[in-house]
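A.B. asks: Structure below; questions to follow.
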Amino acid sequence: MEDEIERQEIQEEEKTARLSLHLICKRHLPTEAQKGDQDEIVEALNQITHLRLDRERIGEIDSLELLGDMCTNIYLQHNRIEKIQNLECLKNVTFITLANNRIREIENLRHLRKLVFLDLSENQISAVDKDEIPSSVIILNLQGNPCTKYPHYRLNMIRDVPKLKQLDLSAISSSEKRDVGLEASSDDDDDDDEEETVVNKVKGNYESFQTISAEMMLRSQRRAEDALQKHKIHTSQLDDLRISWNVPPSSRSTARSNVL
């Protein structure tokens, strides 16, 4: 009985969710707005600027067509996404985080001409196609991917994405730029005002993202602790039931009880 419950729990945990219109509405629209007619819902979706669908067990990026031009920030970290796709409808996006997914390849991003911040950390990317990284990208994070282990990885990335100011949470120095043949002033302060404004805005978004991520991690840890406590209670109840019916414990159950 207990083994069957465990198998069901494992199967449930491995299920992926669909990035659906229903999920977007659930996370972003007030309950009353979700009950409106189709035109009202579409209008509400068009007002979304920050799409937050992290930790939803999403397996595939889809159903973003109804988001409007105001959507500039995409948060899809900690899901089960294997492929970057279906983002071409978001022409004005400047900020994307797909950290902690199952992505193996950087693809389908070249059309995002306003993209400034790209976080693909903690994925399974073994090679980087420089042509798929928009030239507008200023902040890039690939930490935790196999590609970062290759010789000269950092210098190659600085050369291939010339506008980069930060790579893997580390600022790019003028000397590093000169090492790969790029022009750079000693202070690297020759950007125009518009670009500096964008950089500062993205940095602000990133700081907010880090704060939100830290809060989510704490909530996740609390949920895990609560789940463990419930599991202990459940196991204890099963043991009491087994004892009351004089059912001998299995060797697996005994080992698990000793661990807990």
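Derivation of every value follows stated rules applied to the coordinates shown; laboratory data play no part. Model, not experiment: these values are computed from the prediction.
A.B. asks: Under the 0.36 nm per residue contour assumption, what length would be gained going from the current alpha-carbon distance of VAL42 and THR16 to full extension?
C.D. replies: Numbers: separation 26, 0.36 × 26 = 9.36 nm, distance 2.58 nm.
Stretched out fully, the VAL42 to THR16 stretch lengthens by 6.8 nm.
A.B. asks: Alpha carbon centre of region 96-118 versus region 37-68: separation in Å?
C.D. replies: Region 96-118 and region 37-68 have Cα centres separated by 18 Å.
A.B. asks: Ok, one more. Let me check against my output: what whole-number percent is the relative contact order of region 50-166, with C-alpha pairs under 8 Å and at least 6 apart?
C.D. replies: Values: 269 pairs, mean separation 21.9, N = 117.
19 percent.
A.B. asks: I would also like to ask the following. How far, in nm, would the chain grow between SER126 and LYS35 when pulled straight, counting 0.36 nm per residue and subtracting the alpha carbon separation?
C.D. replies: 28.3 nm
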